[in-house]
Amino acid sequence: MKKNRLGKSSIVVSDICMGTMTFGNQADEKTSFRIMDMAYEAGVDFYDTAEMYPVPPDKKYVGATEEIVGRWMKTKDRNSIILASKVAGPSHVWMEAPLRGGKTGLDRHHIMRAVESSLRRLDTDYIDLYQTHWPDWDFPYEETMMALDDLVRSGKVRIFGCSNESAWGLTKSLWASDQLGLARHDTIQNNFSLNNRRFEDELAQACRQESVSLLPYSPLGGGVLSGKYNDGAFPEGARFSKYQHAPKRQQAMLHRFVNEKTLESTRRYQEIAAGLDMSVVTMAIAWSKQHDFVASTIVGATTVEQVPELLAAADVKLTPDTLSQINAVSRELLYPMG
């Protein structure tokens, strides 16, 4: 499996990362172990989790994912695994992190408490990549970066990054680190897929110029690109099936991911993949991996049956002709996720 460097750091990872956000609710521990074992056996050495997982956030099982990942790591050589986790960041109007009474800012107090709790649940003495899960644009980036820098100096964290961040937020944090002589973000984890190419507008250039690596999450557009929602279907147990009767914010997310344009673009991408005798799932992940600013694409599964299609992308490089066909769909159906 191809390996790439995370930012300017010494850490090199497989270009497929196994995400874990469903472990502990949609996938039980036995299934979660098997999914991670399959990835490990295929050469995946990079695993991403978060203090707030599994999703959707719920007091009943918050932190369960890290505990599962921690127990699984005991079956492997810890040195062979690159482990990523996240501090929640501020709660938003649509989501309250069920941690620390919902008061999950990005000040030193919360970052230190979060990392200690994650280390305990993961049953390890260090985290390779520690990320801010949600930004706090109203809070001084300087304090956040100083706290993260302290974690690196203490040895509890090797490198750090951000997630769900804007071009302004990324460059502001890098500027703060440069001004104060602190360690910098080496990675950014944002939504990026065939159905959501907005990262290419501004953030991609910021990443190139500042040597920050993108770790794309949701490369299947929330599962939409798998075709499971085609023709208006809402399969039982699927994420957006559950969101149909959820609070307004989740319903807004449903309509952002599943709408007329995303379903039409998915249909066209399926046609391209069929012409390659390839699953559209595999094609979508292969497309993500081929960007110069991407270090590792985060995939996820709730069943072992889903894993082979995901891992098949490791050996795929799309041709210029295929990329041109994909770009033609993107130009005609611009920003299907809005």
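A short reminder: the numbers here are calculations on the coordinates, not readings from a lab. If you're wondering where the values come from, they're calculated on a predicted model, not measured in any experiment. Glycine gets a Cβ as well: all are built from the backbone with ideal geometry, and neighbour counts include every protein chain shown.
If you take the square roots of the eigenvalues of the alpha-carbon gyration tensor of the stretch 1-92 and sort them as a ≥ b ≥ c, do you get rounded (a/c under 1.5), prolate (a/b over b/c) or oblate? Here the stretch 1-92 falls in the oblate category.
GNM remark for the chain: springs join alpha carbons under 10 Å apart, and the peak mean-square fluctuation among Met52, Met21, Met73 falls on Met73. Counted by Cβ distance under 12 Å from Ser32, the other residues give a net charge of -2, where Lys and Arg count +1 and Asp and Glu count -1. Helix 167-180 sits at what angle to the longest principal axis of the chain, using alpha carbons and giving 0 to 90 degrees rounded to 10? Tilt of helix 167-180: around 30 degrees.
Given +1 at the Cβ of Lys and Arg, -1 at the Cβ of Asp and Glu and no other charges, the dipole of the chain around its Cα centre is 400 debye to the nearest 20.
So if each residue of separation counts as 0.36 nm, and I subtract the Cα-Cα distance between Ala252 and Gln290, what length gain in nm does that give? Each step should come with its number before you reach the end.
Working: separation 38, 0.36 × 38 = 13.68 nm, distance 3.05 nm.
10.6 nm is the gain from fully extending Ala252 to Gln290.
Take the Cα of Lys8, step 7 Å toward its Cβ, do the same at Asp107, and the gap between the two points is 3.1 nm. Counting only alpha carbon atoms, the long axis of helix 108-122 and the longest principal axis of the chain meet at about 70°.
Were the residues from Ser117 through Thr75 laid out at 0.36 nm apart, the gain over their Cα-Cα distance would be 13.0 nm. From the alpha carbon centroid of the stretch 170-225 to that of the stretch 260-338 is 19 Å. Label-to-label distance, Gln205 versus Asp231, with points set 7 angstrom from Cα along the beta-carbon direction: 4.4 nm.
From the Cα gyration tensor of the chain, with a ≥ b ≥ c the square roots of its eigenvalues, which class applies: rounded if a/c is under 1.5, or else prolate if a/b is larger than b/c, or else oblate?
Working: a/c = 1.40, a/b = 1.33, b/c = 1.05.
Verdict is rounded for the chain.
The calculated FRET efficiency for the pair Tyr335 and Ala167, based on their C-beta separation and a Förster distance of 22 Å, comes to about 0.85. Under a Gaussian network description of the chain, with springs only between Cα atoms under 10 Å, the residue in Gly89, Gly43, Gly232 that fluctuates furthest is Gly232.
DSSP bridge analysis restricted to the chain gives an antiparallel fraction near 15%, rounded to the nearest 5. Summarising the label geometry, the points placed 7 Å from Cα in the beta-carbon direction at Val304 and Asp150 lie 4.5 nm from one another.
Counting other C-beta atoms within 10 Å, and keeping those with at most 16, which DSSP coil chymotrypsin sites (Phe, Trp or Tyr not before Pro) do you find in the stretch 75-177? Working shown, then result.
Numbers: sites: Trp94, Tyr126, Tyr130, Trp137, Tyr141, Phe160, Trp168, Trp175; in loops: Trp94, Tyr126, Trp137.
Those that pass, being in a loop and sparsely packed, are Trp94, Tyr126, Trp137.
For the chain, the longest principal axis of the Cα atoms and the long axis of helix 280-289 meet at an angle of about 50 degrees.
Going through the stretch 27-128, which trypsin sites (Lys or Arg not before Pro) have at most 14 other Cβ atoms within 10 Å and a DSSP loop state? Could the numbers behind the result be given before it?
Details: sites: Lys30, Arg34, Lys59, Lys60, Arg71, Lys74, Lys76, Arg78, Lys86, Arg100, Lys103, Arg108, Arg113, Arg120, Arg121; in loops: Lys59, Lys60, Lys74, Lys76, Lys103.
Sparse-neighbourhood loop trypsin sites (Lys or Arg not before Pro): Lys59, Lys60, Lys74, Lys76, Lys103.
Using a Förster distance of 25 Å, how high is the FRET efficiency between Asp277 and Arg198, based on the Cβ-Cβ distance and rounded to 0.05?
On the way: r = 30 Å, r/R0 = 1.21.
Working from the Cβ atoms, E equals 0.25.
Pairs to check: Lys2/Lys317; Lys228/Lys317; Lys76/Lys289. Give those whose C-alpha atoms are more than 18 Å from each other in this structure. Show your work: numbers first, answer last.
Working: Lys2/Lys317 11 Å; Lys228/Lys317 25 Å; Lys76/Lys289 26 Å.
Exceeds cut-off: Lys228/Lys317; Lys76/Lys289.
So between Glu41 and Glu96, what do we pick up on full extension, going 0.36 nm a residue minus the alpha carbon distance?
Working: separation 55, 0.36 × 55 = 19.80 nm, distance 3.65 nm.
That pair, Glu41 and Glu96, stretches by 16.2 nm at full extension.
Here is the list for the stretch 257-327: trypsin sites (Lys or Arg not before Pro) lying in DSSP coil, each with at most 16 other C-beta atoms within 10 angstrom of its C-beta, are Lys317. Work through the residues other than Ala204 whose Cβ is under 14 Å from its Cβ and net out their charges, Lys, Arg +1 and Asp, Glu -1. Result for the neighbourhood of Ala204: -3.
Assuming R0 = 22 Å, can you tell me the calculated FRET efficiency for the pair Lys242 and Glu264, based on Cβ-Cβ distance, to the nearest 0.05? Efficiency, from the Cβ-Cβ distance: 0.40.
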